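Each value in this text was obtained by applying a stated rule to the coordinates, not by laboratory testing. Treat the numbers as computed from the prediction; the structure is a model and nothing was measured. Counting neighbours? That spans all protein chains shown, and the Cβs are built from the backbone with ideal geometry, glycine included.
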Amino acid sequence: MDFLIAAIITIVGISTPILLAGLGELVVEKSGVLNLGVEGMMLVGAIAGFAATVLTGNPWLGVIGAAVAGALAASLFGFFVLTLNSNQVATGLALTIFGTGLSSLIGLSFVGRIVPQFGSVFPPELARDPLLKVLFGYSPVVYFALIMVFAVGWFLKSTRAGLILRAVGENDLSAHSIGYSVIGVRYAAVAFGGAMAGIGGAYFSMVITPMWAERMTAGRGWIALALVLFAGWRAGRLLVGAIFFGVLMWMELNAKAGGLSFLSFAQYIPSQFWAAMPYLMTVVVLTLISMRDRVGLNAPACLGKPFLPAT
Amino acid sequence: MANLNRRHFIAAAGAAAAAVPLAGGTAFAQEKIKIGFIFLGPIGDYGWTWAHNKGREAVDAALGDKVETIYVENVAEDASAIPLIRDLAQQGCKLIFTTSYGYMDQTITVAAEFPDVKFEHCTGFKRADNVSTYNSKFHEGRAVLGTISGKLSKSGTLGYLGSYKVPEVVLGVNSFLLSAQKQNPDAKLKLVFIDSWFDPPKEAAATETLINLGCDIVTTHTDSPAALQILEQKGLYGFGQGADMSSFAPNAHLTAIEDIWGPYYVERVQAIVDGTWASADTWDGMKEGTVVISPYNKAVPADVVALADAVQAGYKDGTYDIFTGPIYDQDGNLKVEEGKVMTMAELAVIDWFVKGVESAA
Amino acid sequence: MRIKLEKRQEPSKLMQVVTPIASVLLTMVVGVVVFDLLGIDGQRAVIDIFLTPLLASYKWQDVAVKAAPLIIIALGLSIGNRANVWNIGAEGQYIIGALCASGVGIAAGTAGGPIIIITMILAGMLGGSAWASVPAALRTRFGVNEILSSLMLTYVALQVLSYLVGGPWKDPNGRNFPATAPLQPDQTLPILFSGTTVHLGVAIAVVLPFVFWLLMSRSVFGYQIRVVGSAPNAARHGGFDGNQTVWLAMLIGGGMAGLAGALEFAGSLKAINLGFPSGYGFTAIIVSFLGRLHPIGCLIAGIVLAVTYVGGQVAQTTVHIPNATAGIFQAMMLFFILASDIFVRYRVRFIPSAKAVVQPAPGE
């Protein structure tokens, strides 16, 4: 039992940052924009959150700082692809390179510093019992991520604003002709995506390992991108996908450490296979989605395409 | 963006500029002998490169009136290192330290182009008339950590977070566990390779996994303090790697293996100044002061401190070697007979784990 | 006053040439300001990053060797980008290409000579194309977005590399370090100028842009690519098969990336370790755009990007900034060039609003 609880806690730790960044990217893609700069925005968020916490001494302000910095980085991307209609793929990649460089530069003066930690959300007595700990023992950011899963799902499915956002992603020209501001909606979505990626990045530098190191997100931004596809652009499935990734890494580590007897076969599987799994699965899922409906009921039809109104 | 697997926080490369005079260089710089350093990570990494840079500073302090040191940090372990090493040679360096295994062939290549320049390659095994190799017996430090762990571990199950199955790490694992077994014959070790020198989130998850599998002490052979931070949160113990990392985990940090390169660097630079430098293969350890154990945490009781100090003393006077038989491998085969001591050559290429290492790999 | 954009009938030729130069200059200016704000000697950093590699002759070989793979990959990608086929998995195709070349080298054992070298290069191209054929097949068969699938496969390729160099292809004399055995001296590409690192791959990177230029401007294939990209409907009426274009674009893009990988392996690195993937495949996308998808543009842009890499290393020792900082400049250049696209496609007119001060409309 204790083993299971600890396993869940580890998996939650692995899943949370990619879930946060994935939720942001999900909304961005639903609005018809493909932002490949997730890794860069996460790094910007990681250093901004860390720096803000060091400077203010308050982790809450740190998270807000991370969100703002992520949103700003995303808005830069938005300015180029939305206002100036530049190519989304190239601009997104440039954002990642930019964010990596900027975070390294800013981080120079933060290497080796230590930050104050979040207190627990719930009374610490609640988290003492191991069974309750699995429910109440996490950082506030984890609960925020979970709430956001439902919030994003609900927003996209049941709100008018969500409907408009989907309409913009599905058919920008007709949304435009009805009178919606395609560019405005997309700006909002892109900024939201950046804020979420920023918080996801801050989870690394403030919660998992409270420190700053260059490139400390170690490629998780790309996993988050894969996750959105894996989830078929649905918030609920994104949660499943994030947990799936967490379980996969947890299984790899356990297999290597000889932890689980039923996994003993797995120690003969090269670890690279585990590491490649999320990406392979994503390609498979993408193919299945595309096979099921060629028009792509879930995949936003305008994904990655510039908005070019006739006028 | 694809650099997931390199030692330290590295990326593409670093270089020295000969075209423009170095900022802050003194007018007398030309008269001093130039000494170059190629570093793997940033000098602020609190680990491998940080330690090498301390060694460089020791040279400055000891011989600053005769020599001038130049360094390049963040140099990738691929062909892009060649122009950077060559750069230092072209700038007039008389001695160049290349401080990571992955610069081996690059160092040999450039050394062939500059027969008058001397090179020192860290942890490698290829030498030439103008190329020395040097290494440090990190495993002697692991023996101290293992001794402490064997005593302090309640579960008798120790965790080891490894990067790759290279001789340095295998030696560390074996030395650590053999030492622990001297204190607790039933001690076992769970080992996880994370296939990276630096991946803080994965290091953290791996540490949690090891803890969950019953390890109450986890030692790391990867470069970030991530594991220590997790151990601190859980109220368990671990050790610093390469440098004193107690600031990251004041309670969990029992002690650390510090890499001290200063004495060796000063000695070799002095040899250049004196004109007595000759190619050599040096593998120093505690005796020479290359491997140093940080101050112990107060959580280490006096009797355990005494045991740990005894191991240190044994290494310093040459009366102790953990790789003394009988040693059995993972499958129980006798690898080193009773009373025999493994030779340096055997240690340098070791690829098997001792009995009690429970993981695959 | 407001700004009005008028679509040009034809993209401005002048602007196509002026904007990239202006972008680089603007990047340098902004760089100085931003770095000064961060407390770093900005002028010095910009000089070291953009000028030192050009002024110091002994840096030229480094620039050439760095530029070669960028140019070769960007050439292939430009074809796809022109046809609206987005292969962003060049990094993976580059890795697989190098691995295939390495496989030939390992299979050859101690045998060397031109035949082995040519086989390695061909294997690299085939490998890159094969890796790119997966997204091509998924796109043409099932309609899977090739941006996403090619990106995912890059990460699979990284793991393939990690597996091979850490397992079956590990150098038996390498003390267990994850790397392949170095190539024999007669298995590596010839060096063009003795005493330098400039290998045959650099010559290939200089010649190929002109080949591609001819191909794109003179052949039916080039015409097809351009038509499919700019007017897909017209292309369909004209009898050009969209699927065929996707296949061609992906195979060429993958083949060029694989070629670059093979040349980098056989010319520069001579062994493959975990540090082999250095992001050339991603940077080449930037090169392709900076070069405006034109073969000669790619040649120039590849050199510019290589200069910033080499210059970034210079700046590391002089102003002690992390080498990732060069990325800030690379990204800025691309941002500016993408933004300046607007001047190529549109005429910008300033139209005075009713009450604002009258501003003369700059005509052209």
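Miscellaneous remarks
- C-alpha long axis of helix A:235-256 to longest principal axis of chain A, angle in °: 40
- Lysine pairs in the stretch C:2-351 with Cα atoms under 30 Å, if 8 or more residues apart or on separate chains: 6
- Spin-label model, B:E113/B:N333: points 7 Å from Cα along the beta carbon direction are separated by 4.5 nm.
- Contact order for chain C, expressed relative to its length and based on alpha carbon pairs under 8 Å spaced 6+ residues apart, stands at 36 percent.
- C:T196 paired with A:F273, simple spin-label distance in nm, labels 7 Å along Cα-to-beta-carbon: 4.8
- Helical content alone sets the calculated 222 nm signal of chain B at -11000 deg cm²/dmol, taking -39,500 (n - 2.57) per DSSP H segment of four or more residues and averaging over every residue.
- Of B:K34/B:K126; B:K335/B:K355; B:K32/B:K94; B:K202/B:K298; B:K137/B:K287; B:K151/B:K182, those spanning more than 18 Å from alpha-carbon to alpha-carbon: B:K34/B:K126; B:K202/B:K298
- Relative packing of peptides B:45-52, A:107-114, B:105-112 - highest average C-beta neighbours within 10 Å first: B:45-52, B:105-112, A:107-114
- Our coupling estimate for the stretch A:224-232, obtained by passing each phi through the Karplus curve with A = 6.51, B = -1.76, C = 1.60 and θ = phi - 60°, is 4, 4, 4, 4, 4, 5, 4, 7, x Hz, Gly and Pro reported as x.
- Each of B:D303 and C:Q184 was given a label point 7 Å from its Cα along the Cα-to-Cβ line. The distance between the two points is 6.4 nm.
- Chain A: relative contact order as a whole-number percent, Cα under 8 Å and 6+ apart: 35
- Part-to-part distance (alpha-carbon centres) for the stretch C:99-164 and the stretch B:40-68, which is given in Å: 42
- Test item: B:345-351 mean partner chain Cβ contacts at 10 Å: 1
- FRET efficiency for C:E6 and A:V247, using Cβ-Cβ distance with R0 set to 51 Å, rounded to 0.05: 0.35
- Excluding the site residues themselves, the longest part of chain C lacking any trypsin sites (Lys or Arg not before Pro) in a DSSP loop with at most 14 other Cβ atoms within 10 Å is C:9-354.
- FRET efficiency estimate (nearest 0.05) - Cβ-Cβ, B:A278 to C:R141, R0 51 angstrom: 0.15
- For the peptide A:200-212, the mean number of other protein chain Cβ atoms found within 10 angstrom of a residue's Cβ is 3.
- Theoretical FRET efficiency, 1/(1+(r/R0)^6), r = Cβ-Cβ of A:L163 and C:S217, R0 45 Å, to 0.05: 0.40
- Helix C:60-82 vs. chain C, principal-axis angle (Cα, 0 to 90°, nearest 10): 70
- Helix axis angle, A:271-292 relative to chain A longest principal axis, alpha carbon, degrees: 30
- For the pair the stretch A:52-90 and the stretch B:222-269, the centres of their Cα atoms are 34 angstrom apart.
- With 0.36 nm allotted per residue and the present C-alpha distance subtracted, the B:K287-B:N184 stretch has 34.5 nm of extension available.
- 10 Å Cβ neighbours from other chains, averaged over peptide A:276-283: 6
- Within straight-line cross-link reach of B:K118, aspartates and glutamates at Cα separation under 19 Å, skipping those fewer than 8 residues along the same chain: B:E31, B:D60, B:E68, B:D87, B:D105, B:D129, B:E267, B:D274, B:D281
- Ignoring aspartates and glutamates fewer than eight residues from A:K30 along the same chain, the ones with Cα atoms less than 20 angstrom from its Cα are A:E39, A:E170, A:D172, A:D293, C:E146.
- Cα-based reach from A:K133 at 12 Å (exclusive), listing aspartates and glutamates while leaving out same-chain residues under 8 positions away: A:D2, A:E125
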